[in-house]
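What follows is one structure encoded as structure tokens, with my remarks underneath.
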Amino acid sequence: MESFEAEAVVIGAGAVGLAAARQLVHAGIDTIILEKNDHFGMETSARNSEVIHAGIYYPKHSLKARLCVEGKGLLYRFCDSHGVPHKRLGKLIVGQAGQEAQLATLAKAAADNGVDDLRPLGKKEIAALEPEIRAEEGLFSPSTGIIDSHQYMLALLGDMTLVRGACVNAMRREGDHWSLAVTSGDEEIALRARLVVNAAGLWARSVATRIEGLQNIPPLFLAKGNYAGLSVKSPFRHLVYPIPEPGGLGVHVTLDMGGRARFGPNVEWLAGKDPADIDYTVSPDIAARFAPVIATYWPDVREDMLSPDYSGVRPKLSGQGQPNADFRIEGPEVHGLPGLVNLFGIESPGLTASLAIAAHVAGLLTRA
């Protein structure tokens, strides 16, 4: 068995894990990143809408609200300085008759969170921005955008040390260090580190159960989101969102960097709680399921324009019918274990908030 030492270990090489590792390295802390998959960012970070969110939807004073708004500015600046492909397209949130109150609630939430660029839209203004869209009124968010998440994660990784195919089997505190038992391929590795960040995404709870002495580990609920691709040229210039639905933001229009449109995600609660059992297959009837929903704001959609695309799964801390839970980013002040931060329930807006989350994590470790 080989033994290695580092000042810090980050478990998980998604956008948040990579951002946290980069933050530690920039603070002069020698850091190793462990990733169970063959490449970085293969799960939640690669299976989302790639949207840079403004900070509209989240409860006042929540971590999601604060870190999304902070992270948005950090992310745009990072993309500009590192050449990461992105576009500040802007987003329409559209409401139909009877949904005026929900739009007003969203506008208030945005204002409470410090989003000061949201503006109301009437029917004619919506038609001027997106002629194909039919809605009674809406909101326009000019600071919402899109990002190439793979290029972003590649820029975050830089020349940091990433150990791929590495699984953490056990972790315990020994004196002033953490001792990690790690499997990498057929090799057993003993790793010692002063600081550990559990940013394992879908697997954060599983990793947490292997940490000796850690209590009050939250439950995990899995919500799958499916996407359908648009097979014809997109008529849209902006992102278009309906009123949010329980557990998600509704089946919305997103665009990739090439201008291709896709619709989704929906919310499909999975019965199982084990990420190893996730089936990412998109049902062939997705077009039939999505077309009537999309038609509420894009009447010209047809089933034959849509085809199964990809899916992702949100690691949620609340289940079906329960209020949406906030991020849980827990350092020594919460769990009492020195040099450890656990990140649970890092779903949307985790990508947007990733750099702000990283700064928050580093703060929890340096305060301890």
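The values are calculated or read from the model by the stated rules, or taken from the named source; none is laboratory data. Since we're looking at a predicted model, the values are computed, not measured. Quick reminder, even Gly has a Cβ in these numbers, built from the backbone with ideal geometry, and neighbours come from all protein chains shown.
Here is how the numbers come out for the structure above:
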read-out	value
Selection within the range 128-151 - small (G, A, S), in a loop (DSSP other than H, G, I, E, B) and farther than 21 Å from A19 by Cβ	A135
When residues of the range 325-340 are limited to those that are of a type outside the set (D, E, K, R) and part of a loop (DSSP other than H, G, I, E, B), the one surrounded by the fewest Cβ atoms within 10 Å (Cβ to Cβ)	G336
Close pairs from the range 15-40: first more than 20 Å from F4 (Cβ to Cβ), partner of a type in the set (S, T, Y), Cβ under 6 Å, at least 6 apart	A15/S45; A15/S354; V16/S354; A19/S354
Scope the range 122-138; condition free of Cβ contacts under 8 Å to residues at least 60 places away in the same chain and in contact with a helix residue (DSSP H, G or I) (Cβ under 7 Å, 6 or more places away or on another chain); matching residues	E136, E137, G138
Long-range neighbours under 7 Å by Cβ, at least six apart or interchain, first residue among the hydrophobic types (A, V, I, L, M, F, W, C) within the range 322-334, second in a loop (DSSP other than H, G, I, E, B)	A325/L317; A325/S318; A325/G345; F327/G345; F327/I346
Sole exception among (1) touching a residue at least 60 places away in the same chain (Cβ under 8 Å); (2) within 30 Å of S307 (Cβ to Cβ); (3) outside any helix (DSSP H, G or I) for K233, by number	(1)
Filter result for S318 (more than 30 Å from V10 (Cβ to Cβ) and in contact (Cβ under 8 Å) with a residue 24 or more places away in the chain)	no
Qualifying residue in the range 223-230 (condition: touching a Gly at 6+ places or on another chain (Cβ under 9 Å), touching a residue at least 40 places away in the same chain (Cβ under 8 Å) and part of a loop (DSSP other than H, G, I, E, B))	no
Within the range 151-171, tally of residues that are crowded, with 17+ Cβ neighbours inside 10 Å and not hydrophobic (A, V, I, L, M, F, W, C)	1
Leading residue by the ranking (farthest from Q96 (Cα to Cα)) among those in the range 241-275 that are among the small types (G, A, S) and over 19 Å from the mean Cα position of the chain (by Cα)	G272
Check on G98, in the same structural domain as S311 (by TED's automatic domain parsing) and out of contact with any strand residue (DSSP E or B) (no Cβ under 8 Å at 6 or more places or on another chain)	yes
Test: residue in the range 52-62 that is in contact with a Gly (Cβ under 8 Å, 6 or more places away or on another chain) and closer than 21 Å to G225 by Cα	yes
Residue count, the range 341-368 (criterion: outside any helix (DSSP H, G or I), in contact with a Gly (Cβ under 7 Å, 6 or more places away or on another chain) and modelled with pLDDT of 95 or more)	2
The one condition in (1) without any contact (Cβ under 8 Å) to a residue 60 or more places away in the chain; (2) on the phi < 0 side of the Ramachandran plot; (3) among the small types (G, A, S); (4) in the same structural domain as I126 (by TED's automatic domain parsing) that A65 fails to fulfil	(4)
Residues located in the range 152-170, provided they are assigned to a strand (DSSP E or B), within 26 Å of the chain's Cα centre (by Cα) and among the aliphatic types (A, V, I, L, M)	L162, V163, A166, V168
